[in-house]
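Have a look at the structure below before the remarks.
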Amino acid sequence: MAFINPNGNDFDQYRKLVDSVTESMLEHLTDAYNKRTVPIHEVSFMESLPRIGIPSAQIVEGLQRVIEQSINVANPKYMGHMDSVPTLISCAGEFVSSLLNNNMLSIEMSPIFSKMETQVIKEIASFFGYDESSGGVMLSGGSLANLEALAVARNHAFSSLHKGLHSLEKQPVIFTSEAAHTSIQKAAMLLGLGTDAVIPISVNEDSQMDVKDLDQRIRSASKEGKAPFAIVATAGTTVTGSVDPILQISEIARRHNLWLHVDAAYGGALIFSNKHKNLLNGIENANSITFNPQKWMYIAKTCAMVLFKNGEILEQNFRITAPYMNDTVTTNIGEISVQGTRHAEILKLWLSLQQIGTAGYGQLIDHGLKMMELYRDEIKRRPYLQLSSKPQTNIICFRGISGGVPESLDNWNYRLQQHLIQEGNIFLSLPTYRGNRWLRAVLLNPFLNEDIILEVFDHIDNFYKRT
Ligand SMILES: *Cc1c(COP(=O)(O)O)cnc(C)c1O
């Protein structure tokens, strides 16, 4: 029963398998509030792979152990990372995409999904202020989106699509803030520039790129004989959720004639909130944008995209036509993507957008920001807690500070994190920031409310009183 036989029989057999998997998932998820957020014992699954296949019912039983030992993003007390609880309809979309198993490589292999991807991407691009000339593709994550954006920027600046970089006399360099995502360095490494080509720009006390430092470093890099070609601004930094001053950065990019890429993998979703989209002012000037609906749009992983203000520049600086396609006039997605075969991630995004609506997404974003304000105020109310920076989105980074805390701060904060996991089933992450350990909350869960936040602070207070 490994395959669905197309003979029209055995419907009930297949349904039994699908129903039993669905049932255990729904039982697990509807009760997620009472389940562990993160496993507290060593995880285990099985001894070895069977030589002879085992019955489906037994497999589904074994699956239960995997489900129980997984990270539980459905519990609102899981608030440590940018992993959101996915919309149910996006998971249904994932299932349908998998069963249809079309290939985004070419139109021939995925006619409806190729069209859907191109159209939905255009519409999302228009939210960011791009016009009809925009282009873009979906990719399996923001790291790939950043890689592709910087590949196009590099090829555009140095005409390196065909001849590469060997004839360049100057070292190409990219400017991005100290708080930028590590995928920028990975991209520089993969693009043959090396990680040294990423020049870090200092940040202000709120973790935003310092535009004066940016301007200065561009000038001195040019004086030193380097070849600046791109600036990467971040909308929603990984540790503190900060948003760089994109408008000011876009003016500097224009003045120095540099490509501006905005890594809005996380913060891009703010564009759907009328109340908060001003944080992204200037993003319409970017040459390219990374955006991950798998984060703040609650789409099952993976779901990410790279958008280009000018789709022609993407074509001219990235497209490799495939000889096995019968149509070389229309662009197949695989020709303008760093990935080849990919499944139809667009379906789950399209379905979720239909169910929630763009205004509904705005409400989800607003809820996250409201939760951040409550959380922030609870921190401010306690003199023994300190904020890392002024939180701008739904990410909040804080720690306990001395006074009543005798031992080393890092160790105290580590023990607080463990206490929250053990005693409260609350998961916060523990990033290193400015050389120290901090606690970080990502307030994504739509079921997060004031009561849960107060519960978190009760546990923090208890720990504080005990130490
Ligand atoms: C998440 C994130 C990335 C990386 O995206 P992946 O999907 O993990 O590859 C890059 N930049 C920022 C700002 C992010 O938040």
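The values are calculated or read from the model by the stated rules, or taken from the named source; none is laboratory data. The model shown is predicted, which means the values in this text are computed figures rather than measured ones. Using ideal geometry, Cβ is built from the backbone for each residue, glycine included, and neighbour counts are taken over all protein chains shown. These area figures cover heavy atoms from the full protein model, side chains too; ligands, DNA and RNA do not enter into them. Shrake-Rupley method; radii C 1.70, N 1.55, O 1.52, S 1.80 Å.
Label separation (Val43 vs Glu224): 4.2 nm, computed from points 7 Å beyond Cα along the C-beta direction.
Summarising the label geometry, the points placed 7 Å from Cα in the beta-carbon direction at Asp10 and Tyr414 lie 5.4 nm from one another. The Cα atoms of the stretch 97-352 give a gyration tensor whose axes a ≥ b ≥ c have a/c of 1.5 or more with a/b no greater than b/c, which makes the shape oblate.
Rounded to the nearest 500, what is the 222 nm mean residue ellipticity of the chain from helices alone, with -39500 (n - 2.57) per DSSP H run of 4+ residues and division by all residues?
On the way: 14 runs with 196 residues, N = 467.
Helices in the chain give a 222 nm mean residue ellipticity of -13500 deg cm²/dmol.
Peptides 153-162, 9-18, 172-181 ranked from most to least packed by the mean count of surrounding Cβ atoms within 10 Å: 172-181, 153-162, 9-18. Per-residue surface analysis assigns Leu29 an accessible area of about 80 Å², computed on protein heavy atoms at 1.4 Å probe radius. Surface analysis of the stretch 140-201 yields an accessible area of 44 Å² per residue, using protein heavy atoms and a 1.4 Å probe.
Under the classification rounded if a/c is under 1.5, otherwise prolate if a/b is larger than b/c and oblate if not, where does the chain fall, given a ≥ b ≥ c as square roots of the Cα gyration tensor eigenvalues?
Numbers: a/c = 1.85, a/b = 1.05, b/c = 1.77.
Oblate, since a/c reaches 1.5 and b/c is not below a/b.
The relative contact order of the chain comes to 20 percent, based on Cα pairs under 8 Å that sit 6 or more residues apart.
Taken per residue, the accessible surface of the stretch 233-384 reaches 38 Å², heavy atoms only and a 1.4 Å probe. The accessible surface of the stretch 135-291, taken with every protein chain in place and a 1.4 Å probe, is 46 percent carbon and sulfur.
Phi angles of the stretch 228-234 translate, via the Karplus equation with coefficients 6.51, -1.76, 1.60 and θ = phi - 60°, into HN-Hα couplings of x, 9, 8, 10, 10, 9, 10 Hz per residue; Gly and Pro are given as x.
Going down the list Lys122/Lys212; Lys35/Lys186; Lys77/Lys186; Lys212/Lys370; Lys212/Lys390, which pairs span over 28 Å between their C-alpha atoms?
On the way: Lys122/Lys212 34 Å; Lys35/Lys186 36 Å; Lys77/Lys186 32 Å; Lys212/Lys370 32 Å; Lys212/Lys390 20 Å.
Those over the limit are Lys122/Lys212; Lys35/Lys186; Lys77/Lys186; Lys212/Lys370.
Accessible area ranking (1.4 Å probe, heavy atoms, ligands and nucleic acids excluded), largest first, for Ser20, Ser250: Ser20, Ser250.
Order of 311-323, 47-59 by packing, highest average Cβ count within 10 Å first?
Working: 311-323: 15.4, 47-59: 8.7.
Output ranking for 311-323, 47-59: 311-323, 47-59.
First measure r as the distance between the Cβ atoms of Asp377 and Glu251, then evaluate 1/(1 + (r/R0)^6) with R0 = 30 Å and state the FRET efficiency to the nearest 0.05. Show your work: numbers first, answer last.
On the way: r = 35 Å, r/R0 = 1.15.
Computed FRET efficiency for Asp377 and Glu251: 0.30.
Label sites at Arg434 and Lys275, each approximated as a point 7 angstrom past Cα along Cα to Cβ, lie 2.9 nm apart.
For the stretch 374-395 and the stretch 189-255, what is the centre-to-centre distance using only Cα atoms, to the nearest Å? Taking the Cα centre of each part, the stretch 374-395 and the stretch 189-255 sit 27 Å apart.
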